Every structure is written in structure tokens, then in C-alpha cells.
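Contents: one structure, followed by commentary.
The values are calculated or read from the model by the stated rules, or taken from the named source; none is laboratory data. Just so it is clear, the model here is predicted, and its values are computed rather than measured. Counting neighbours? That spans all protein chains shown, and the Cβs are built from the backbone with ideal geometry, glycine included. Ligands, DNA and RNA are stripped out before the accessible areas are found, and what is left, the full protein with its side chains, is counted by its heavy atoms. Shrake-Rupley method; radii C 1.70, N 1.55, O 1.52, S 1.80 Å.
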Amino acid sequence: MKNIVLIGFMGVGKGSVAREVIKHSEYITIDTDDLIETMENKKIKKIFQEDGEKHFRSIEKKVAHWLETSLKNTLISTGGGFYKQKNIKDIGVIVLLDSPFEDIIKRIKAHPNAVKKIKKRPLLNDLKLAQKLYDERRPEYLEVADVVIDVTNKSAYDCAKELLKKVKKYV
Ligand code: S3P
């Protein structure tokens, strides 16, 4: 099986959908941000604060190379900016979780751990800047994606089922 690479904006639900997909398939899942935190022994927020975004992106590049050369049969959940990696299409089938900005923010705010979820994402702290980033990125997300799933008002379970159906012809 080819890898599945989940892309999409911060807070769109990549982790939740990934966890549902693995319950209903043979896939194993990993998360690029978790890998980076392990490699650096630091939380993403601290990496941004102490080492800067440029450093973070350089580790993402290293991870992207490793994913391409070393991984199979895996559902890879990625950070919101990971889709910019040059080799992204060589890592696996690209699945975009898509939703309007307002719905993504509504979704995060409704979460019991909302404050924590926003605080740990440096690029989500200023909502105006985050909206600008979303507007810049959305056409690029759509361009790189093989499969698009509109997650608005859908459960992670329904998104996972839709994903498994739609990726069949690619894996
Ligand atoms: C980022 C998204 C974050 C994390 C980092 C940068 C981005 O991941 O990789 O804070 O550039 O959109 P999530 O999409 O899991 O929040």
C-alpha cells in the first residue's frame, strides 16, 4: 500500500481523522509534528520561540526526505505547512482535509481544550494573520491534493470512511 499523506490547515482535524482511519484499516499512523518534537526534544511552540520558524521548516524537510525513502503502508498526518515540501507528491497519495476558515476556528473553539489547542500553535495565535495564511494557502492545498474531503460539520468517523473510499483508486 502507498502512504496516505493528510494535509490541511491547523485545527482542521487531521489527527482525529487519522485515528479513525487506523481503526478501520490496516494503516499505521504517524504525525510529522510529533516526530519533530521527538527529534528536537522540544514542543513545537518552543522550537518556534527559541530556534525560529526557519529552523522548524528545515527539520520538516529532513522528515520529508525520510518519509519518502523509508516509509510504506502509513497514514502520515502533517503540520499545516508541510505540504510545501518539494517531494510531497513522492511520499504518497495526498489527501486534503478542507473546510472554510470560520468553521475551522469554530471547531477549535468548541473543543474542551480550546485554549491549549490555540496556544500550542504559534501561527494560530493571531486570528487575523491566521486568516491571511489560510487565504494564501488554500489554493496551494487544492493544487497539491489528489483527494479532497470537505470535513465541515462531519464527524471524524464519517471523514475517515469517505477517505478510505476515495483513496482506493490511488493506493
Ligand atoms: C503549522 C502547523 C502546525 C505545526 C506548526 C506550523 C503551519 O501543525 O506544524 O505550528 O505552518 O500551519 P498543525 O497543522 O497540526 O496545527
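The residue that is farthest from the ligand (Cβ to nearest atom), among those in segment 159-171 that are open to solvent by 20 Å² or more (accessible area, probe 1.4 Å) and under 15 Å from SER25 (Cβ atoms), is LYS168. Count of segment 1-46 residues, restricted to those that are among the aliphatic types (A, V, I, L, M), closer than 23 Å to ARG107 by Cβ, open to solvent by less than 40 Å² (accessible area, probe 1.4 Å) and not in a loop (DSSP other than H, G, I, E, B), is 8. Of the residues in segment 117-138, none is away from the ligand (no atom under 16 Å from the Cβ) and open to solvent by less than 20 Å² (accessible area, probe 1.4 Å). In summary, GLY79 fulfils each of the numbered conditions (1) at pLDDT 95 or above; (2) over 14 Å from the mean Cα position of the chain (by Cα); (3) in a loop (DSSP other than H, G, I, E, B) with the single exception of condition (2).
Cβ-Cβ distances below 6 Å connect the following pairs, each with a first residue in segment 34-59 that is without any contact (Cβ under 8 Å) to a residue 24 or more places away in the chain and of a type in the set (A, V, I, L, M, F, W, C), a second residue that is part of a helix (DSSP H, G or I) and more than 11 Å from the ligand (Cβ to nearest atom), and a separation of six or more residues or different chains: ILE47/GLU40. Residues in segment 47-76 that are open to solvent by 80 Å² or more (accessible area, probe 1.4 Å) and among the charged types (D, E, K, R): 5 in all. Number of residues in segment 85-94 that are without any contact (Cβ under 8 Å) to a residue 60 or more places away in the chain and within 15 Å of the ligand (Cβ to nearest atom) equals 1.
Which of the residues belonging to segment 95-116 are open to solvent by less than 50 Å² (accessible area, probe 1.4 Å) and within 15 Å of the ligand (Cβ to nearest atom)? Across segment 95-116, the qualifying residues are VAL95, LEU96, LEU97, ASP98, SER99, PHE101, ILE104, ILE105, ILE108, ALA114. If you go through segment 139-156 and keep only what is closer than 10 Å to VAL17 by Cβ and surrounded by fewer than 15 Cβ atoms within 10 Å (Cβ to Cβ), you end up with just SER155.
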